[in-house]
Amino acid sequence: MTLVSDSNIVNSLRAAQSGRNFQKASATSKGAGTFLSLWKTAGLPAAGANPPLFSAGSGYIPTKATTGAYPFTNSATNGHLALLRAGYFGVTPHTLIIYDRLWACSGFGTVITTAQTVTTPGTLTAGRDPNNGLDVEPFLEVYTAPGATAATWTVTGTDALGNTGVTWTYAHPASAEAIGQMVPLTPGTASSLGMRIASSFTASATSGTAGDVGITLMRRVAEIPVLAANLGDVQDALRLGLPPIYNDACIALGLLCTASPTGLLMGSIVIGEGA
């Protein structure tokens, strides 16, 4: 897709799919500096389900057809589109994150201290991951709140350079994460980059209360900040940087919070391709 001139952008906007609204209910977060998934939050798109258990052996790659994904029409020509405009409004200050949910599993127990290995993890969809994992971020996503005993949670996998056995870690604090919270994983190996394959999860100590966490691999598409209460923002194609949306992408929403977001979370997205 080539969008390099004013006329290209104007024609793309003219031919773009109609802007579709999204609306999510308020959610409870752990406060400032924490990430929150809206995957299972009620609204439009509808709430999604927990992804398959890590032991399922298949079904780890969600698409635009998966309940919970933002709806759009695939490109019939060059195989990918671009985000051309995005608007967002929130009651509390935070940042909206629009991302492609590339791969996800659930079911890791936080009271188990032996390695829990993903059954047949497979590889990322090539058409949605043209950089072989370089821009893919690994997160842990909380489906059932764990206990509050501190531990190091370690995910082992394959990085963007093809190195296997690479580790990413998260310091689980003596404070239980909230349901829906997403926690970023920090590379535990100096040379590791983005994650290409997630292989296993290990907790250094039991969390005390049984929790259910999963691994989510995501590629960010755009961020829209709400800088003050009840303040909205609309970003056009140039401000967004024309981020690509690939066919069958599972477009989902998340937040970087400053407090628990209250009130309806509302916005719209316009997706289109070069003309």
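Take the residues of the stretch 71-90 that are surrounded by fewer than 19 Cβ atoms within 10 Å (Cβ to Cβ) and part of a loop (DSSP other than H, G, I, E, B): which is nearest to the chain's Cα centre (by Cα)? Applying the filter and picking the extreme gives P71.
In the condition set (1) farther than 29 Å from A126 by Cβ; (2) open to solvent by less than 40 Å² (accessible area, probe 1.4 Å), P225 is compliant with all but (2).
Restricting to the stretch 1-26, what's the tally of residues that are open to solvent by 20 Å² or more (accessible area, probe 1.4 Å) and either under 19 Å from E223 (Cα atoms) or at pLDDT 80 or above (or both)? Number of matching residues: 6. A count restricted to the stretch 178-202 and to residues that are under 17 Å from the mean Cα position of the chain (by Cα) and assigned to a strand (DSSP E or B) stands at 9. State yes or no: is R220 of a type outside the set (S, T, Y), at pLDDT below 95 and surrounded by fewer than 17 Cβ atoms within 10 Å (Cβ to Cβ)? Here the answer is no, as R220 does not meet what is asked.
Count of the stretch 110-141 residues, restricted to those that are out of contact with any strand residue (DSSP E or B) (no Cβ under 7 Å at 6 or more places or on another chain) and charged (D, E, K, R), is 0. Give the number of residues within the stretch 228-266 that are within 17 Å of P62 (Cβ to Cβ), touching a strand residue (DSSP E or B) at 6+ places or on another chain (Cβ under 7 Å) and either outside any strand (DSSP E or B) or open to solvent by 10 Å² or more (accessible area, probe 1.4 Å) (or both). The total comes to 5.
What do you reckon, is G57 farther than 20 Å from G267 by Cα, small (G, A, S) and open to solvent by less than 60 Å² (accessible area, probe 1.4 Å)? So G57 fits the description; yes. Taking each residue of the stretch 160-188 that is closer than 26 Å to P130 by Cβ and looking for partners that are modelled with pLDDT of 90 or more and charged (D, E, K, R) with beta-carbon atoms closer than 7 Å, six or more apart or interchain, yields A160/R196; V166/D159; M182/E141; P184/E137.
Condition (residue is modelled with pLDDT of 90 or more, of a type in the set (K, R) and closer than 20 Å to S37 by Cβ) applied to the stretch 51-74: is it met by at least one residue? Yes.
The values are calculated or read from the model by the stated rules, or taken from the named source; none is laboratory data. Source: prediction; values computed, not measured. Here the Cβ is made from the backbone with ideal geometry for all residues, glycine too, and neighbour counts use every protein chain on show. For accessibility, only protein heavy atoms count, side chains too; no ligands or nucleic acids. Shrake-Rupley method; radii C 1.70, N 1.55, O 1.52, S 1.80 Å.
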